[in-house]
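Engineer: First the structure, then my questions, so here it is.
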Amino acid sequence: QVQLVESGGGLVQAGGSLRLSCAASRSILSINYMGWYRQAPGKQRELVAAITSGGSTNYADSVKGRFTISRDNAKNMVYLQMNSLKPEDTAVYYCNARLSLLAYWGQGTQVTVSS
């Protein structure tokens, strides 16, 4: 099992930046897949970015070139650097980890981008 705690959300103007952090309760060395998802009101949860233990990354088309996912295995942390934010990025952002065929989620952090 793993517990995930997100932080770093907030209110920012369009064009601004935020960095989200996800703290894991255990070592993430053996967790091959970790990702960030988001859910806007009235919409389904969607993948934003994912990273494997080997450092391979995957991004939603809507955030490519603006968001960067990274992981620090020594600190058991995963980050999402978000630049050039747009109002349509407004959502609750969730950290996700896949371990032993199970998916674990954090409680989410709200990101609001004003126009």
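The values are calculated or read from the model by the stated rules, or taken from the named source; none is laboratory data. Because the structure is a prediction, the values reported are computed rather than measured. No Cβ is skipped: glycine too gets one built from the backbone with ideal geometry, and neighbour counts run over all protein chains shown. Note: areas computed on protein heavy atoms with side chains; ligands, DNA, RNA excluded. Shrake-Rupley method; radii C 1.70, N 1.55, O 1.52, S 1.80 Å.
Engineer: Considering every residue within the range 60-83, establish whether at least one is of a type in the set (Ser, Thr, Tyr) and in contact with a Leu (Cβ under 6 Å, 6 or more places away or on another chain). Break it down into steps so the answer makes sense when it comes.
Structural biologist: Initially, the range 60-83 is screened for residues of a type in the set (Ser, Thr, Tyr), giving 62, 68, 70, 79.
Applying the additional criterion that residues be in contact with a Leu (Cβ under 6 Å, 6 or more places away or on another chain) yields none.
Looking for residues that are of a type in the set (Ser, Thr, Tyr) and in contact with a Leu (Cβ under 6 Å, 6 or more places away or on another chain), one finds none in the range 60-83, hence no.
Engineer: State the number of residues belonging to the range 48-78 that are more than 22 Å from Gln1 (Cβ to Cβ), at pLDDT 95 or above and not acidic (Asp, Glu). Can you show your working first?
Structural biologist: Kept after step one, since they are more than 22 Å from Gln1 (Cβ to Cβ), are these residues of the range 48-78: 48-49, 54-70.
With the extra rule that they be at pLDDT 95 or above, the set shrinks to 48-49, 56-70.
Next, from what is left, pick out any that are not acidic (Asp, Glu): 48-49, 56-60, 62-70.
The qualifying residues number 16.
Engineer: For the range 1-60, which residues satisfy the criterion of being basic (Lys, Arg) and open to solvent by less than 40 Å² (accessible area, probe 1.4 Å)?
Structural biologist: Our first condition is that a residue be basic (Lys, Arg); within the range 1-60, this holds for 19, 26, 38, 43, 45.
Correct list: Arg38 only.
Engineer: Output the qualifying pairs, or none if there are none: Cβ atoms under 6 angstrom, residues six or more apart or on different chains, first residue in the range 76-91 and over 16 Å from Thr109 (Cα atoms), second residue among the charged types (D, E, K, R) and surrounded by fewer than 22 Cβ atoms within 10 Å (Cβ to Cβ).
Structural biologist: Once the first residue is over 16 Å from Thr109 (Cα atoms) and sits in the range 76-91, its partners that are among the charged types (D, E, K, R) and surrounded by fewer than 22 Cβ atoms within 10 Å (Cβ to Cβ) give Asn83/Arg66; Ser84/Arg66.
Engineer: Now for a separate question. Which residue out of Ser100, Ser84, Ser70 is within 21 Å of Gly16 (Cα to Cα), over 15 Å from the mean Cα position of the chain (by Cα) and either open to solvent by 40 Å² or more (accessible area, probe 1.4 Å) or aromatic (Phe, Trp, Tyr) (or both)?
Structural biologist: Numbers: Ser100 fails: within 21 Å of Gly16 (Cα to Cα); Ser70 fails: over 15 Å from the mean Cα position of the chain (by Cα).
Result: Ser84 is the single residue among Ser100, Ser84, Ser70 that is within 21 Å of Gly16 (Cα to Cα), over 15 Å from the mean Cα position of the chain (by Cα) and either open to solvent by 40 Å² or more (accessible area, probe 1.4 Å) or aromatic (Phe, Trp, Tyr) (or both).
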